[in-house]
C-alpha cells in the first residue's frame, strides 16, 4: 500500500506543472475535469487506461492513469462527496 509520504511524487510533479517548472501539460485541472478524465492532459488523446484499483490513505484516494498514445502517466485524484445505496443486512 502506498503511504502519503511515498505518494508525494505526484504532488511535486503537480507543483512543477502549476508553477511552470516541470513537464509541459496542455490542460488545467478544470479542463481535465470537463473531459471526465477521458483525455490525456498532455497530448489530449483519448487512449487512456487506468489501473484496476483505487489507492486510499488518510481520506485521500487516487488512481494511476496511463496514456497509450504519448506514454504519459498521472494520477486521478478523487474526492468523497457522500454515499449511496446503503443496504443494511437483517
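Counting every other Cβ atom within 10 Å of each residue's Cβ, 54, 48 order from fewest to most as 54, 48. Between residue 30 and residue 88, the simple spin-label model (points 7 angstrom out along Cα→Cβ) gives 4.3 nm. Counting neighbouring beta carbons within 10 Å and listing from fewest to most, the residues 46, 83 come out as 83, 46.
An ellipsoid equivalent to the range 26-90, defined through the eigenvalues of its Cα gyration tensor, has semi-axes of 28, 13, 11 Å when rounded to whole angstrom and sorted largest first. Which parts of the range 54-68 would a label at residue 80 reach, counting a residue when its backbone N lies under 13 Å from a point 7 Å out along Cα-to-Cβ? Hits in the range 54-68 for residue 80 at 13 Å: 56-62.
No value in this document is a laboratory result; all are computed from the given coordinates. Here the structure is a predicted model, which means the values were calculated and not measured. So basically every Cβ, Gly included, is an ideal-geometry build from the backbone, and we count neighbours across all protein chains shown.
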